Each structure stands twice: as C-alpha cells, then as structure tokens.
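This report concerns only the one structure given below.
The values are calculated or read from the model by the stated rules, or taken from the named source; none is laboratory data. What you are looking at is a predicted structure, and each value in this text was computed from that prediction instead of being measured. Virtual Cβ from ideal backbone geometry, glycine too; neighbours counted across all protein chains shown.
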Amino acid sequence: MNKGNIVPFHLFHYHGSRYVIDIEGMQASAVDEPTAKVLEMLVAEPEMVLTTGMKEDLNKLGLISEAGDKSKKTVKTESFPIVYIALFLTQSCNLRCIYCYGDGGEYKTGGSMDEKTAFRAVDWLIEQSGKMKQINISFFGGEPFLKFSLMKAVVAYARKRAQEMGKEVYFHANTNATLLDDDKIAFIKEQSISIMVSFDGPREIQDAQRPYANGKGSYDTALPKIEKLLAALPETSGHAVIVGNTDPELIKDALQEIGFAEVSIVPASQSLLTREQDKIKSTRNLQNLLQALEQEAETWQRLIQSRDIEGLRSLMFKKNGLYKGLLSLFQNSKKRYACSAGRGMVGVSSSGDVYLCHRFVGQEKYKLGSIFGKNLNREEYQKSPTTENELCAACFAKYYCGGGCKYDNVSYSGSIASPSEDMCRLRCRELELAATVICSLEPEAQAFLVDEKILTPKSCPLDF
C-alpha cells in the first residue's frame, strides 16, 4: 500500500471520536485528530511519503509492518473431513412458518428417512470423519420429533458404532417444541442431546409467523412444553427469526423471559423453493437491528463502567449483537469462513442425498453427492471468501463475517459469493461498534471482564 509498508486499515468516527481497525491484525485503536488526518491522506494517496513522525505514530498503532503488506499472504486451502451432519429424519412438518426456507418442511420432495438409510448415514459420517475423534449428528427436518422412534434408534446405533471406532458422538436437535412430552424430554436429558428451540417470541408474533398447517397459532401449545423442557434442561437455547421491522430487543427479551439460557435471532431469508415468499425479501428491514446495535454499544459501556455483571452476562448470552465482535477484536481472531457448510458440515436428506448444508436440501445445484457413494463435489467450498471473493477480500470486516451465510447470499444475489448489501451493512456496523467498546476499556475494566469470564483471552498455542 505504501513504501512504508502500511497494512490495510479502516478509519471511522463515532460520537465525535476517531477509530481505526487494523484489518489483518484484527485489532482496534482510538486515534487523535492529527493521526486521523494522516490516515485520511493515505486513503486518498496510498503512495504518499511519510515523515519520521508519521511513521512513529502509525507504528504505535501497529499499522506499519516490516514484513510488507500482510493482506497478500496466500491462504492454503485444504479438504476438511466431514464431522457434522444435519440428518433429515423427515421432510415434513406440523407447522407452516411463513418464512420457511424448506417450503413447509418438505424441501420439494417430502418423505421420511428409513432406518437403513439412517444407519448408513451414521456409517458414512464415521468414514468421512477420518482420523477426527469427535463427530456430531443433528436431527433435523421438518420437525424431527415426528420420527421419534427413528431418532432413538439412530442414537443407539451411533453410540455403538462410535465406540467401536474409538470416536465420541454428540447429538443435537432443532425443534418447534410442539411435540415434546415427558418421554421425549427424558430421552433428551438421558442422551445429553443439545436442543435448539425455534420460537419467535411474544404470542402475537409467534402465532402470526409460526402457525399450524390449519392456520391456528402455536404459542399456547409450544410454551408450556418449552417451560417443561427448560425445567429439565435449563441450558437449552432459543432461536427466533425476524420478519420485517420487528424490534429485535423485544424478541430477545421475550425469549430470555421464558428462560432460554442463550438466545439468537436472524433476519428471514428468501426461500429458494417457492416464489410465494417474495414478500420476505421485500419486507426484510434491518433498520431496527442497526438501531438496536447502536443502543447496545452504549449499554455495554454503561454496564462495564458500573461493573454490572448480571447485565453484562445478559448481553453475552444474546448471541446476536456485539458480543462476537468484542471477542474477535479482544482475541485478534480471524474467521476465514462464515460457517462450516461444505467443509466440516453437510445436510443429509431423507433419501440420503448430501447437500452443502441443511438449508440447501432439495436444491440440485448444491447437491454434493450421496451417502451411498464416496466422492463429494465440494472443492469450491474449501476456498475462503476472504481471499477468493473480490468483494469480501476488499471488506474491512472480512475476518469477522467470513463471507456471510451461503444460503442468504444465494437467496438475495443468486450467488454464494455475493452477500446481500443489507447483511454486509449489518456486519460492518457490528464490528465498528464492537471496536468502540474495546477501545474504551481501561486496563482495570479489561481485567474485570476477564476475571468474570465475559471476555476470554486468546488461548496460547503452547497450552495443552
């Protein structure tokens, strides 16, 4: 970028102060006005000659590298073993969520998995995992508890096969909770199955967005079952989908009030399986999410200043928001992929076809192979968007975002490689606001957050 080896950076202002993010170093600093002006001149004229004083100031910020432009490092790609499958026990559902990317849970074909296919999926996962000692099976659908007897059979078979092969197997399940009862909850607890409940918040929103096939709301059916599940397994997490301009804090607060240990939310994506959901695309409005982020940044700083540990932990367990950005900058961590789709994780349909991830089931273009075969067509998904995608490679938030959800990218741009503009804006603002919070931390505040395990230091590579 400059003969003085200036590393890539992003300069921005917030509430009258100036901040800079070292993109490759994933670290943030507050800067004074003279330094900010130098950085602005560098943006306008990358080849400008720096004075000794300028170099000293930039060096203090970590923006000068003796080794040259770190952004030009080549990232080695490799083939990742499959260690996680989303297993579609059934492609049917008792709900008809208005934003369902699976077209009512059927994913074009519908159908249910038979035991032979389910057991073959387990064996296939063990084969694909290679030398990896841990494997994961997530029961998916549709609604997986429609096939509870098959779920029990798969758990027993997978535990037996994993033990024979010297591996550990972990189980997960996504459910709308409407079919839970004492037997299912006891089984979940006994088998240590990690559960994520899909529930959209207050009654009026849940009933409008997640009705039964007959149009009846699901709130009154699901809520008491969720409460019973949480009584037995208080660590259960909740997940909500936002349609339109719904206030995200309203949803998060409602889920936390119900008792979920962790809460996540996501804006609805347009379905690739039906044109009937075009309204989702036209009504997705992230303005409330952006406004909530601004408020959250102020809340983080206020709670840190007052040492309000209970309030800080509440923010920490609301997965969506600034927390991931805070951790990324505090640990200087770099994420080269948004998720493990097509790399360590795939979706397996009820017929045994293998897809890029659970969201792409039914999409022939994103079919990677079959559990009844050995070869997977997934080479292109091993490449990191942070280096292979021109749009992402030029973005200051690339190591925070990792290129965006592949399904959301396709649903809005038609290409896995092109994120939607609104999600880019959201992720970039998350990182900027996280940077302002990190830069406000005095050493005592940092120590407090580390002691209370709100922020965890980057682990040492020599730790065993």
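Overview of results
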item: I280 vs. criteria out of contact with any Gly (no Cβ under 6 Å at 6 or more places or on another chain), surrounded by 17 or more Cβ atoms within 10 Å (Cβ to Cβ) and either at pLDDT 90 or above or of a type in the set (F, W, Y) (or both); result: no
item: Residue check, E168 more than 26 Å from K228 (Cβ to Cβ) and either touching a Pro at 6+ places or on another chain (Cβ under 7 Å) or in the same structural domain as A121 (by TED's automatic domain parsing) (or both); result: yes
item: Subset of region 250-259 [within 19 Å of N174 (Cα to Cα) and assigned to a helix (DSSP H, G or I)]; result: I251, K252, L255, Q256, I258
item: Failed condition for D103, given (1) touching a Leu at 6+ places or on another chain (Cβ under 7 Å); (2) at pLDDT 95 or above; result: (2)
item: Residue that is farthest from the chain's Cα centre (by Cα), among those in region 405-437 that are of a type in the set (G, A, S) and modelled with pLDDT of 95 or more; result: A435
item: Single residue of region 132-145 satisfying the filter (more than 18 Å from K116 (Cα to Cα) and touching a residue at least 40 places away in the same chain (Cβ under 8 Å)) that is surrounded by the most Cβ atoms within 10 Å (Cβ to Cβ); result: G142
item: Total residues in region 352-383, condition in contact with a Ser or Thr (Cβ under 7 Å, 6 or more places away or on another chain) and either in contact (Cβ under 8 Å) with a residue 40 or more places away in the chain or under 25 Å from Y399 (Cβ atoms) (or both); result: 5
item: Residues of region 387-407 that turn out to be surrounded by fewer than 21 Cβ atoms within 10 Å (Cβ to Cβ) and either among the polar types (S, T, N, Q) or under 13 Å from S269 (Cβ atoms) (or both), as a count; result: 1
item: When residues of region 10-63 are limited to those that are of a type in the set (D, E, K, R) and part of a strand (DSSP E or B), the one farthest from F330 (Cα to Cα); result: R18
item: Of all residues making up region 216-249, the number that are surrounded by fewer than 16 Cβ atoms within 10 Å (Cβ to Cβ), touching a residue at least 24 places away in the same chain (Cβ under 8 Å) and either assigned to a loop (DSSP other than H, G, I, E, B) or not assigned by TED's automatic domain parsing to the domain that holds F140 (or both); result: 5
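Condition check ((1) touching a Lys or Arg at 6+ places or on another chain (Cβ under 9 Å); (2) under 23 Å from H239 (Cβ atoms); (3) of a type in the set (A, V, I, L, M)) across all residues:
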residue: G111; (1), (2), (3): no, no, no
residue: D114; (1), (2), (3): no, no, no
residue: I126; (1), (2), (3): yes, no, yes
residue: G141; (1), (2), (3): yes, yes, no
residue: F145; (1), (2), (3): yes, yes, no
residue: F199; (1), (2), (3): yes, yes, no
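Residue by residue, here is whether (1) within 18 Å of the chain's Cα centre (by Cα); (2) in the same structural domain as W124 (by TED's automatic domain parsing); (3) more than 30 Å from R120 (Cβ to Cβ); (4) among the charged types (D, E, K, R) holds:
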residue	(1), (2), (3), (4)
T299	no, no, yes, no
D308	no, no, yes, yes
L312	no, no, yes, no
K319	yes, no, yes, yes
V346	yes, yes, no, no
V361	no, no, no, no
N389	no, no, yes, no
C392	yes, no, yes, no
C401	yes, no, yes, no
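Okay, residues lined up against (1) assigned to a loop (DSSP other than H, G, I, E, B); (2) touching a strand residue (DSSP E or B) at 6+ places or on another chain (Cβ under 8 Å):
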position	(1), (2)
I85	no, yes
I98	yes, no
Y101	yes, no
G104	yes, no
Y107	yes, yes
G110	yes, no
T117	no, no
A121	no, yes
K131	yes, no
